[in-house]
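One structure is given here, and the rest of the page talks about it.
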Amino acid sequence: MIILKPIFSVVLSVVILLSLSSSTPVSVFANAADNEDLIFTLSEDKKSYSVSSANKEMEGELVIPNEYEGLPVTKIDSYGFNSTYITKVVIPDSVTTIGSEAFNNCIELKEIVMSKNIEYVGNWCFNKTAFYNNEDNWENGILYCGSLLIEGKVDFEGTLKIKNGTKSVADSAF
């Protein structure tokens, strides 16, 4: 047994080094500020992280961190928080991408503090949320979140005017 400990340490060190030098993303589990588990995945270029939930029972407020292990968190993964019970999400300005259905079916999600630097949002990102279902959040048949146009009403007729300052339009918004 005593001899196996040093061998195990060497093998574990080699596995860790190989995973860090490979081009495939590495998932790391960490605790969020509210003690809910998040999964951080290192990007292929090893310059940023994406984030998703490791706990589908997650509830309450979710604050996505600006960075993880000294690198920016720039993406929320597709299906990342789908069907969780969060009520509010704060998306920092480091996030530029939100994957498809990232918050889909989060029926309790009623408040979204959006990054000012969003460049891409996948389809149905906030579909079936309390935010989406609240008619007060819709302007002339369009759902906005900050400077992001999330969706247009399917049954909309007439001329559609996108408001000034809109920085991005989600996939499949119309």
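The values are calculated or read from the model by the stated rules, or taken from the named source; none is laboratory data. Because the structure is a prediction, the values reported are computed rather than measured. Positions of Cβ are backbone-derived with ideal geometry, glycine not excepted, and every protein chain shown enters the neighbour counts. Note: accessible area is taken over every heavy atom of the protein model, side chains too, but ligands, DNA and RNA are not part of it. Shrake-Rupley method; radii C 1.70, N 1.55, O 1.52, S 1.80 Å.
Brief remarks follow.
- Label-to-label distance, Asn55 versus Glu67, with points set 7 angstrom from Cα along the beta-carbon direction: 2.5 nm.
- Overall, the accessible surface of region 49-174 at a probe of 1.4 angstrom is composed of carbon and sulfur to the extent of 45 percent.
- Under the convention that each Lys and Arg Cβ holds +1 and each Asp and Glu Cβ holds -1, the size of the dipole of region 86-142 around its Cα centre is about 120 debye.
- With contacts taken as Cα pairs under 8 Å and at least 6 residues apart, region 94-148 reaches a relative contact order of 40 percent.
- Candidate cross-link partners of Lys116 among the lysines, defined by an alpha-carbon separation under 30 Å and a same-chain spacing of 8 or more, comprise Lys46, Lys47, Lys56, Lys75, Lys88, Lys128, Lys153, Lys161, Lys163, Lys167.
- Rounded to the nearest 20 debye, dipole of region 46-163 from Cβ charges on Lys, Arg, Asp, Glu: 320 debye
- Probe 1.4 Å, accessible area per residue of region 73-138, Å²: 42 Å²
- Its alpha carbons give region 89-174 an Rg and a Dmax of 12.0, 37 Å.
- Projected label points at Asp37 and Glu111, each 7 Å from Cα along the beta carbon direction, are separated by 2.8 nanometres.
- Cα-Cα separations in region 35-163 greater than 26 Å, expressed as whole percent: 20 percent
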